[in-house]
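A.B. asks: Could you have a look at this structure, given as structure tokens, before my questions?
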Amino acid sequence: MKKNTFKRACAALSVAAVAASATSMFAFAYDSSSYVAQFGEEIVDQAATSEVKPTIAWDKIELTETEAQEKAAAGTPVDANVTVSGANLQYASIGLHFIYDTRLTAVADQFGNIVKKGPALEQLGFTSKDIEPGVAFAASDCSGNFGIDGTAYTMSFLLPEDVKAGDVFELSFDYRSTSSAEDVFTNLKNDDAGKLMQHWIFTQGLQDGYIKVLEPETTTTTTVVSTTEGAESTTTAAGSTTTTAAGGTGTGSGSAPQTGVAGVGVAAAGLAVAVGAAFALRKKED
């Protein structure tokens, strides 16, 4: 009974840990519920019938800690692009709300735009707004379906001065529809094909991104002692032998193990320890 209770407790803790991790990881994840609430749940199934199923995605940027800290110290911004794919010459209107981590500082261009138009929208008009900290809006339209695949928008961010390894700055989207800032993605006529394409984008076509500061790489060193020949060698995690004590034989990376040497002795010793531990645990439970 105690054993089962302990197992249930461990399982509950594991689930809680996974849930907490998921909450942290997807704190900025795009949520289509606002769009579905406005147009109805049936649009999710309708979107699947669209002939054009584009993707609009933020960049996923990875920096070493040194790179990130040097950029922060020098005030050098990191450019993050929003890219359209799968809709070449299929759209005339696009409007998006961009969400970014408020630890980042968005840098405006000489005209005061914190969202800049990219080459994919060369033939389209352009407007942008700084809505609030962590939220920006941009929109473009045209007299024809002249939007193409490629970089649609770019935002530039300054990293915080205390940036460090392990930091992740999330980049996402948020569907909002107001008279002055409407999110759209449709063709010139906004016909059935255009509406289905828009349903697809705002229910399944938006992909989050991030600016991530990588953890430093670590190397694990393992010492293996031969029980038959008395050889001692230090081996890196990759498996290549770097040093060999006198009286023993060292093997290089990928070499076959010597017959009757360290591998067998260590395996046997490990088995004995495991059996002993299992017996002790069984006796304690009885």
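A.B. asks: Exactly one of these conditions fails for Leu159: (1) under 25 Å from the mean Cα position of the chain (by Cα); (2) within 15 Å of Val84 (Cα to Cα); (3) surrounded by 21 or more Cβ atoms within 10 Å (Cβ to Cβ); (4) in contact (Cβ under 8 Å) with a residue 60 or more places away in the chain. Give me its number.
C.D. replies: The one condition Leu159 does not meet is (2).
A.B. asks: Next up: Being touching a Lys or Arg at 6+ places or on another chain (Cβ under 8 Å), assigned to a strand (DSSP E or B) and open to solvent by less than 20 Å² (accessible area, probe 1.4 Å) is the filter here, so list the residues in segment 175-222 that pass it.
C.D. replies: Thr186, Gly209, Val213
A.B. asks: Can you tell me how many residues within segment 58-87 are touching a helix residue (DSSP H, G or I) at 6+ places or on another chain (Cβ under 9 Å) and closer than 18 Å to Ser156 by Cβ? Steps first, answer last, please.
C.D. replies: Here is the first cut: in segment 58-87, the residues touching a helix residue (DSSP H, G or I) at 6+ places or on another chain (Cβ under 9 Å) are 63, 76-78, 83-84, 86-87.
Still in the list and also closer than 18 Å to Ser156 by Cβ: 63, 76-78, 83.
Count: 5.
A.B. asks: Restricting to segment 35-46, count the residues that are open to solvent by less than 70 Å² (accessible area, probe 1.4 Å) and either in contact (Cβ under 8 Å) with a residue 40 or more places away in the chain or closer than 24 Å to Ala152 by Cβ (or both).
C.D. replies: Of the residues in that region, 4 qualify.
A.B. asks: Within the set of pairs 6 or more residues apart or between chains, which connect a residue that is in contact (Cβ under 8 Å) with a residue 12 or more places away in the chain and exposed (fewer than 15 other Cβ atoms within 10 Å of the Cβ) inside segment 85-112 to a residue that is in a loop (DSSP other than H, G, I, E, B) and of a type in the set (Gly, Ala, Ser) with Cβ atoms less than 9 Å apart?
C.D. replies: That search, which allows pairs on different chains as well, returns Leu89/Gly144; Thr102/Gly134.
A.B. asks: Right, next: Against the conditions (1) more than 24 Å from Thr203 (Cα to Cα); (2) among the hydrophobic types (A, V, I, L, M, F, W, C); (3) at pLDDT 95 or above, where does Ala12 fall short? Just the number, please.
C.D. replies: Here Ala12 meets the rest and fails (3).
A.B. asks: Against the definition (within 23 Å of Leu188 (Cβ to Cβ), exposed (fewer than 15 other Cβ atoms within 10 Å of the Cβ) and at pLDDT 95 or above), how does Gly144 come out, yes or no? Outline the logic, then answer.
C.D. replies: Working: within 23 Å of Leu188 (Cβ to Cβ): yes; exposed (fewer than 15 other Cβ atoms within 10 Å of the Cβ): yes; at pLDDT 95 or above: yes.
Criteria met by Gly144.
A.B. asks: Could you say which residue among Thr66, Thr49 is assigned to a helix (DSSP H, G or I), modelled with pLDDT of 95 or more, open to solvent by 40 Å² or more (accessible area, probe 1.4 Å) and hydroxyl-bearing (Ser, Thr, Tyr)? Step through it out loud before you land on a result.
C.D. replies: Values: Thr49 fails: assigned to a helix (DSSP H, G or I).
Thr66 is the lone residue from the list that is assigned to a helix (DSSP H, G or I), modelled with pLDDT of 95 or more, open to solvent by 40 Å² or more (accessible area, probe 1.4 Å) and hydroxyl-bearing (Ser, Thr, Tyr).
A.B. asks: Tally time: how many residues in segment 177-197 are over 30 Å from the mean Cα position of the chain (by Cα) and of a type in the set (Asp, Glu)?
C.D. replies: 2
A.B. asks: Report yes if some residue within segment 126-139 is in contact (Cβ under 8 Å) with a residue 40 or more places away in the chain, open to solvent by less than 30 Å² (accessible area, probe 1.4 Å) and assigned to a loop (DSSP other than H, G, I, E, B); otherwise report no. Explain how you work it out, then say what you get.
C.D. replies: Filtering segment 126-139 down to residues in contact (Cβ under 8 Å) with a residue 40 or more places away in the chain leaves 129, 131, 137-139.
Among the residues that remain, those that are also open to solvent by less than 30 Å² (accessible area, probe 1.4 Å) are: 137-139.
Now narrow it down to the ones that are assigned to a loop (DSSP other than H, G, I, E, B): none.
Checked against the condition, which is being in contact (Cβ under 8 Å) with a residue 40 or more places away in the chain, open to solvent by less than 30 Å² (accessible area, probe 1.4 Å) and assigned to a loop (DSSP other than H, G, I, E, B), segment 126-139 yields no hits at all.
The values are calculated or read from the model by the stated rules, or taken from the named source; none is laboratory data. Just so it is clear, the structure is predicted and the values come from calculations on it, not from any experiment. Cβ: placed from backbone, ideal geometry, glycine included. Neighbour counts: every protein chain shown. Please note that ligands, DNA and RNA were not included when accessible areas were found on the heavy atoms of the full protein model with its side chains. Shrake-Rupley method; radii C 1.70, N 1.55, O 1.52, S 1.80 Å.
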